[in-house]
Amino acid sequence: MSWKALRIVWRVTALNFRAQMEYRTEFLLMIAIGAIWQVSVIVFATVLLSRFAGMGGWDSSDVLLIPATRMLAHGLFVLFLGRMHWAGRQIQEGRIDIYLMRPMPVHRQVQLAFFPTNAIGDLTVAAGLMVGALSRSDLDWTTGRVTYLVAAVLGGMLLEAALFTVVASASLRFPAADMWGRWLEELLGTFGSYPLNVLPRAVGGFLTYGLPLAFVAYFPAAVLTGHGHSTGVPYWVAAASPLLGLLAYLAARMLWRWSLRHYSGING
Amino acid sequence: MAVLHAWRAARVTPLGELNAPPRMTAVALRLAVQVVLVWSLWRGLYAQTGTTAGLSRDQAVTYAVLAVLASRLRELDQYAGRDTVLQHMHFGTIVYWYLRPLPPQRYYALRAAGEQLYGLAWALTGYVICLAAGVVEPPASAAAAGVFVVSMLLGQWVLYYVMLVLDQLCFWTVRNTAAMLILMFAQNLLSGVYAPLWFFPDWFVTMSAFLPFQATLSVPLSLYVGRIPLSDAGFQLSVQAAWVVVLALFTRLLWRRAARRVISQGG
Amino acid sequence: MGQLSVAIEVRGLSRTFHTTVRRPGFTGAVRSLVNPERVAKHAVSDITFDVAAGELLALLGPNGAGKSTTIKILTGILTPTSGEARVAGVVPYRERERNARNVGAVFGQRTQLWWDLPVRESFAILRDIYEVPKAEHAARLKEFDDILELSSFWDTRVRHLSLGQRVRSDLAAALLHDPPVVFLDEPTIGMDVVVKEQVREFLRHQVEQRGRTVLLTTHDMTEVERLAERVVLVNHGRLMLDGSLDEIRRKFGSTWQVRATLADPHAEVVPPPGTALLRHAGAQVVFGPAGPAALTVQQALKAVIERFEVTDIALDEADLEDVMRAAYAHAGEI
């Protein structure tokens, strides 16, 4: 992206943010509800984990690292790339046709559709959870570990973005595919926060190779906390999670571009 | 004639689904995967633990699987039919609701009833299969089963009103998709879809006792698995019934105000 | 239906909206959040007109003139701020449901059909909502199908229809319960010529054969010329003119020109009364209308031929589009 493009992105984002404030009730409601949401998420994440201490052979302080990583990655995803989740809606409403006529990449226009006010709440909660997880952790946080954690969060963000980009690409051809996006979010939210070795092998395998949500937070956290050899996959596969996120994202973007070229409009 | 239009409006959802076989396949697949995942997750979580929060492993698994099935009752791809309040407000087609000799609130109720009955068919099928496969336990006694059915009915009634309030909000804030998502999450969390409320700290349980959400799912399912004893059922059912009354009055007020808003803004 | 000679009665109708103004800039946005500033907009002010039973009236005016607001009041969706309206004897905003049985409406491209269902299912739902007997419904559907050719696509789900198909279906849906009064807010917007012609034929049939009263808004002047006997022109919420197309033409359409080539290029040219000489170069002369008693183009043609010896004569008459442009511009000045 050139400087000029970056400036446009910044300006549109600023306008979008202002647009969010234009809707008074909505904006105030979002702030009010954001508070409830934050409390709920923290309760949900911590309570379950403490209730089942030692799940999957992990200390609860180690387990906490999984939802913290996953939620931080998710918050960043919502902030930077989250509009991909709404691509299906934009496709169904025929917005893509308008985007295709403008001299800006369609993907960027999809991202610039609106400002994700809720990302502020998501990120606040996630950051809080991460601070909590790190302060409880007995691990020695060397530069290497911290770097790996940062890479893991970014990789998790990219992997989530990749999954939603695949759904969006499918939506270009089959608008109904949008529905799978909602399921995807639900699955990521529900199963992304546990050590997946508590699941039967087949189910764990599905969440690794079928729907690769194990790579978002579970594998990186396992590598960081020394459970990297008992994840059911070779150590190096688990360790390469951040890289895999990057590769998956690049591949998904290529798929998106391919799908756009073959886009034939909706409803004739 | 009134029966006829009721039947027509109620069958919009099932008919729309039947007209889209891929969507039905998706629902079946999704339900199956979700049940398997939830079942294995809770068994996994209980691997190191005995009874916790008053729930044994089998109770927790049954609760969780039933929660998945029950959430099917009202969890369709509602946007696909372009008949949500949000979409009608967005496309300006809400005017037609106020243009017909059928009051919008009755149309909405009929549509929702049809949707819930259609969802019930799915949930029941899933339940029978799960029961046969031993994934869920049968109810402890015939009395428990009876109380559960009544409680579930009341719960769905409360759920209808909760969803209605969410939809009614759209009359005031058209751009509230994000807020809707968060409220949906709150509904799922506080009704015990994600995890039984019994696992949460006391203050959380106390708080949700004052909210309508737990009446939708947590109460009936807890009655089913026996976490709420039968002796306590009368009280719980009356709380549910009280919520039905309160929300009925509240949503009536909102309908009236919504109509006034449409009438003053023109949709 | 039918006994009332006046189908739609509008008396001093006014409607004011209050909207929040957005202040520019970031601080403006924050200020609007805390302390929104409200302004009043008069969408419709003091409009009065009647539509006779069995008449097709075109409600014309530029965008934002108040046409849709008027229709919404007459369909019972909006309440007026002041004034009175009656549709088939019912005050629409007071007895919305009773009014609903008397009226049908299509709002441009907004469809009332069920997106996920075949068109025929939508018709069936409406049939039951409006309590139309089955035989009657079938007969009416057959009648509509004859002109609108619905049967070729009525088993298709609405989401897969083309725009033309959808609007035709919507038109049928609005008339299935046999409403004596029909409101059409830009029904043919964005449709191709063939479909437009089909819709016009359908409307003509409904007015002439079925005696329905139609209130139509459109920006398509061909449509107005083909369909409307009478037009009401509104702008800025006010009624500018209520009359026949000819009256409008006479008032705003006096932009004709008569070009003639005179047999004698040196003749002295005195324009006939009610005309003016616009150009005179050698044998070529151009006359236009002038004065309060301006001639119509036909009268001018006759007068020029009578007064001068011409070898060639031609005329340019402003079409309705030009007339309306002049009318809107004129209305805007008031």
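A short reminder: the numbers here are calculations on the coordinates, not readings from a lab. All figures in this text were calculated on a predicted structure; none of them were measured in a lab. Heads up, the Cβs are rebuilt from the backbone with ideal geometry, glycines too, and the neighbour counts pull from every protein chain shown.
With just the Cα atoms defining each centre, how far is region B:8-58 from region C:94-145? Give it in Å. Rounded to whole Å, the Cα centres lie 38 Å apart. Within straight-line reach of C:K142, meaning a Cα separation under 17 Å, sit the following lysines at least 8 residues removed in sequence or on another chain: C:K134. Spin-label model, A:T13/C:Q284: points 7 Å from Cα along the beta carbon direction are separated by 6.4 nm.
With the simple spin-label model, which puts each label point 7 Å out from Cα in the Cβ direction, the B:M24 to C:E149 separation comes to 3.3 nm. Here the Gaussian network model covers chain C, with springs between Cα atoms less than 10 Å apart; of C:K41, C:K72, C:K196, C:K41 fluctuates the most. Taking θ as phi - 60° and the Karplus parameters 6.51, -1.76 and 1.60, the scalar couplings of region B:91-102 work out to 8, x, 8, 4, 4, 5, 4, 9, 10, 9, x, 10 Hz in sequence order, x denoting glycine and proline. Between helix A:3-22 and chain A, what is the angle of the helix's C-alpha long axis to the longest principal axis, kept within 0 to 90° and rounded to the nearest 10? Once rounded, the angle reads 90 degrees. When only alpha carbons are used to place a centre, region C:159-203 and region C:58-75 end up 18 Å from one another. Assuming a ≥ b ≥ c are the square roots of the Cα gyration tensor eigenvalues, decide whether region C:1-145 counts as rounded (a/c under 1.5), prolate (otherwise, with a/b larger than b/c) or oblate. It comes out oblate by the Cα gyration axes. Counted over region A:3-261 with a bin width of 5 Å, the fraction of Cα pairs per bin, in whole percents, is 1, 6, 12, 17, 18, 16, 13, 9, 6, 3, 0, 0.
Remark: relative contact order (chain A) = 25 percent; criterion is Cα-Cα distance under 8 angstrom and separation of 6 or more residues. Think of region A:3-261 as having a plus end and a minus end, set by charges on the Cβ of Lys, Arg, Asp and Glu; of A:V203, A:S169, A:Y249, A:S169 sits farthest toward the positive end of this dipole.
For chain B, the longest principal axis of the Cα atoms and the long axis of helix B:21-45 meet at an angle of about 30 degrees.
Please state the shape class of the protein assembly as shown: rounded when a/c is under 1.5, otherwise prolate if a/b exceeds b/c and oblate if not, all from the C-alpha gyration tensor. It is prolate, given that a/c is not under 1.5 and a/b is the larger ratio. Entry note, chain C: relative contact order of 18 percent, from Cα contacts under 8 Å with a spacing of 6+ residues.
Our coupling estimate for region A:219-230, obtained by passing each phi through the Karplus curve with A = 6.51, B = -1.76, C = 1.60 and θ = phi - 60°, is 4, x, 5, 5, 4, 5, 9, x, 9, x, 8, 10 Hz, Gly and Pro reported as x.
The lysines within cross-link reach of C:K302, meaning a Cα-to-Cα straight distance under 28 Å and a gap of 8 or more places when in the same chain, are C:K251. Semi-axes of the equivalent ellipsoid for region C:118-272, computed as √(5λ) from the eigenvalues of its C-alpha gyration tensor and ordered from largest down, come to 43, 18, 14 Å.
Based on alpha carbons, the Rg and Dmax found for region B:2-265 are 19.2, 61 Å.
As a rough footprinting exposure proxy, the listed residues A:I8, C:I248 were ranked by other beta carbons within 10 Å of their own, and the order from fewest upward is A:I8, C:I248.
Projected onto its three principal axes, the C-alpha set of region C:6-250 covers 59, 45, 36 Å, listed from the longest axis down.
Here's the picture: charge each Lys and Arg Cβ at +1 and each Asp and Glu Cβ at -1 in region B:2-265, and of B:A133, B:L221, B:L102 the one pushed furthest to the positive end of that dipole is B:L102. One way to sum up the overall shape of region C:108-207 is the equivalent ellipsoid from its Cα gyration tensor, whose semi-axes run 19, 16, 12 Å, largest first. Sequentially through region A:120-133, phi angles give Karplus couplings (6.51, -1.76, 1.60; θ = phi - 60°) of 4, x, 3, 5, 4, 4, 4, 5, x, 5, 5, 4, x, 5 Hz, Gly and Pro residues having no value and appearing as x. Averaging the sequence gap over all C-alpha pairs within less than 8 Å and six or more residues apart, then dividing by the number of residues, gives region B:2-265 a relative contact order of 25 percent. A straight Cα-to-Cα reach below 20 Å connects C:K41 with the lysines C:K67, C:K72, residues fewer than 8 places away in its own chain not being considered.
With the simple spin-label model, which puts each label point 7 Å out from Cα in the Cβ direction, the A:W141 to A:V237 separation comes to 3.1 nm.
In chain A, the DSSP-assigned H stretches of four residues or longer account for a calculated mean residue ellipticity at 222 nm of -22500 deg cm²/dmol, using -39500 (n - 2.57) per stretch and the full residue count as denominator.
With springs connecting C-alpha atoms under 10 Å apart, model chain C as a Gaussian network and identify which of C:N35, C:N63, C:N102 has the largest mean-square fluctuation. The residue with the greatest mean-square fluctuation here is C:N35.
Near C:N235, the amide H atoms lying under 5 Å from its own belong to C:M240; only residues 5 or more places off or on other chains count, and H is placed 1.01 Å from N.
Computed about the Cα centre, the dipole magnitude for region B:27-143 is approximately 220 debye when only Lys and Arg (+1) and Asp and Glu (-1) carry charge, each at its Cβ.
Between the alpha-carbon centres of region A:213-228 and region C:243-315 there is a gap of 91 Å.
Once the Cα atoms are used to define both axes, helix A:143-173 deviates from the longest principal axis of chain A by about 40 degrees. Amide H contacts for C:T75 (H built 1.01 Å from N in the peptide plane; partners 5 or more residues away or on another chain; cut-off under 5 Å): none found.
Given +1 at the Cβ of Lys and Arg, -1 at the Cβ of Asp and Glu and no other charges, the dipole of region B:2-265 around its Cα centre is 920 debye to the nearest 20. Placing R0 at 41 angstrom, the Cβ-Cβ distance between C:F26 and A:M254 gives a FRET efficiency of 0.60 after rounding to 0.05.
For C:A7, the residues whose modelled amide H falls within less than 5 Å of its own, excluding neighbours fewer than 5 places apart on the same chain, are C:V51, C:A52, C:A53. Expressed as a whole percent, how much of the Cα-Cα distance distribution for region B:90-172 exceeds 20 Å? Cα-Cα pairs in region B:90-172 separated by more than 20 Å: 52 percent. The GNM of chain A, with springs linking C-alpha atoms under 10 angstrom apart, assigns the highest mean-square fluctuation among A:A14, A:A161, A:A238 to A:A14.
Going from the residue with the fewest nearby Cβ atoms within 10 Å to the one with the most, C:H18, C:H280, C:H137, B:H5 rank C:H18, C:H280, C:H137, B:H5. About the centre of its Cα atoms, region A:132-194 shows a dipole size close to 100 debye [charges on the beta carbon of Lys, Arg (+1) and Asp, Glu (-1) only; nearest 20 debye].
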